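Asker: Attaching a single structure in structure tokens format; questions to follow.
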Amino acid sequence: MTSVIMLFIELLLDIVGLVTGGIIWVHSSESKIRKAWGMLATTLSLLLLCDNIEWMWLFSRGVEEIPRFVEVPMDHLSIWHIVRVIFFFQLFSLFPIASLKPGWMTLTRITNYCIPILLIVCIACCYQFFNGHYTMLKSFAAIGENLGKQDVVVRLMLFVISVLMPSLNFLLPYLKRWIPIRRVQSRGMYIYMGCFGLIMSGYIWLMLGTSGLCFNLFGYFVVVPTILLNILYLRNDNPLSLPPLPVIDLSRQEIEAIKEIEVSPVVLELSEQLMAFMKGHTPFTNPQYSLQNVLTDIGTNEHRFNKVLRYNGFSGFRDYINFNRLQYFKEQAALRKELTVKELMFMSGFTSRSSFYRYFASIEKMSPSEYMERLQQEG
């Protein structure tokens, strides 16, 4: 039995996911990763919303009052369920590597990763339209009973592939030997992986579940993690990873790995020019310092500048500027211990106390006050 009340609550959550995803999408001009997540979250929430509106309409059709519980026929290993979610799972699973290595996940690579999914969808659609026979699996036991039928075997194989392929993509951040990575995983990365595991668990339960409860809860398994991740992206342009460590803090192996990254001489020269300019002039201490200002100062265009940022492990201009401000704050805190956290914060170019404290804690794993106290004790 399916609860209509739970379906209505899920519909409201879909609206929350749609609105928050839309806000991320609209306010993400400087971060492609954030914009991509906003598009994915908005599309997913919209599809869930349309799906639930359709179910509400079906439940209310032909009755004077919508019943509280409705019997929904189960269809395990449904090809259409597999087709509808597999693209989202594949795209969802690529965000960790896109976060840790900005610019590496190009349109060509995304297409290459989605080609197997396209083949699965083509096989599923062709089989559904042209096979002429479709076995209804109304219970989990029916799967085993009908394993001798060709359509059941095909659907089971598609289901296994739809689970394994996105899950294996989460191994990409750990292939550092082949994909050099400068950024560091943040706490948000583990939250993201947990949300993916929750969504995938809901999908598996929906495909193999033994009661209508799995149908009722699947939407919650998807929309609640999506809203949670929307909150992360509302607070941070790239919440899954932290900015790269300064070069002086890197090990010899990490420095050698960076040198192996393929980059044009123009980008390499511009990168060195940018670092020298930031160190010599500290323009980031001006709270109004913008992307156009830096492009004018170093004499380049936005396309090349973004290549420089990605080469150095930054996801966008704001990510880079805040990193420089934080390093400047730490330098001045060590040199001018008589100043307060607030004075150093404004001196470094930060304007929001809450944003500064949150950003500082995410990088240094302590508050600015605790950092200052440690400096006093060391001094």
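Asker: If you roll a 1.4 Å probe over the heavy atoms of the protein chains, what accessible area per residue do you get for segment 4-242, in Å²?
Answerer: 50 Å²
Asker: Can I ask one more? Run the 1.4 Å probe and let me know the accessible area of M136, rounded to the nearest 10 Å².
Answerer: Rounded to the nearest 10, that gives 100 Å².
Asker: A further question follows. In nm, to one decimal, how far is the S362 label point from the R187 one, both placed 7 Å along Cα→Cβ?
Answerer: About 1.1 nm, to one decimal.
Asker: Give me the net charge of I143's neighbourhood, meaning all other residues with Cβ under 15 Å from the Cβ of I143; Lys, Arg count +1, Asp, Glu -1. Display every interim value, and only then the final one.
Answerer: On the way: positive: K138, K149, R155; negative: D75, E145, D151.
Here the charged neighbours net out to 0.
Asker: If I ignore ligands, DNA and RNA and count only protein heavy atoms, how much of L91 is accessible to a 1.4 Å probe, in Å² to the nearest 10?
Answerer: My reading of the accessible area for L91 is about 60 Å².
Asker: Something else about it: Reachable lysines from K138, Cα under 27 Å, same-chain residues fewer than 8 places away excluded?
Answerer: Reachable lysines: K149.
Asker: For segment 293-353, which whole percent of the accessible surface, found with a 1.4 angstrom probe, sits on carbon and sulfur atoms?
Answerer: Carbon-and-sulfur percentage of accessible area, whole number: 45.
Asker: Right, here's the next one. Could you order K138, K330 by accessible surface area, starting with the largest, using a probe radius of 1.4 Å?
Answerer: Most to least solvent-accessible, the answer reads K138, K330.
Asker: If DNA, RNA and ligands are ignored and the probe is 1.4 Å, what is the ranking of K101, K307 by accessible area, most exposed first?
Answerer: From most exposed to least exposed: K307, K101.
Asker: Just to make sure I understand: if all protein chains stay in place, what is the order of D14, D319 by accessible area at 1.4 Å, largest first?
Answerer: The most accessible residue leads, giving D319, D14.
Asker: Using the heavy atoms of the protein chains alone and a 1.4 angstrom probe, what is the accessible area of segment 315-379 per residue in square angstrom?
Answerer: That works out to 53 Å² for each residue.
Asker: Beyond a 20 Å Cα-Cα separation, which of these cross-linked pairs lie in this structure: K35/K101; K32/K307; K32/K342?
Answerer: With Cα atoms farther than 20 Å apart: K32/K342.
Asker: What is the set of long-range amide H partners of S241 at a cut-off below 5 Å, with H atoms built 1.01 Å from backbone N?
Answerer: Close amide H contacts, sequence-distant or interchain: S186.
Asker: On the accessible surface of segment 4-242, probed at 1.4 Å, how many percent belong to carbon and sulfur atoms? Present the calculation step by step, with values, prior to reporting the outcome.
Answerer: Working: 8350 of 11900 Å².
Carbon plus sulfur share of accessible area: 70 percent.
Asker: Would you kindly state how much longer the chain becomes between L171 and L119 on full extension, computed as 0.36 nm times their sequence separation minus their alpha carbon distance, in nm to one decimal?
Answerer: Answer, rounded to one decimal: 16.5 nm.
Asker: Leaving out ligands, DNA and RNA but keeping every protein chain, what accessible area does S354 have, in Å² rounded to the nearest 10, with a 1.4 Å probe?
Answerer: 70 Å²
The values are calculated or read from the model by the stated rules, or taken from the named source; none is laboratory data. In this text, all values refer to a predicted model and were calculated from it rather than measured experimentally. A quick note on method: Cβ atoms are made from the backbone with ideal geometry, for glycine too, and the neighbour counts reach across all protein chains shown. Keep in mind that these areas ignore ligands, DNA and RNA; they rest on the heavy atoms of the full protein, side chains included. Shrake-Rupley method; radii C 1.70, N 1.55, O 1.52, S 1.80 Å.
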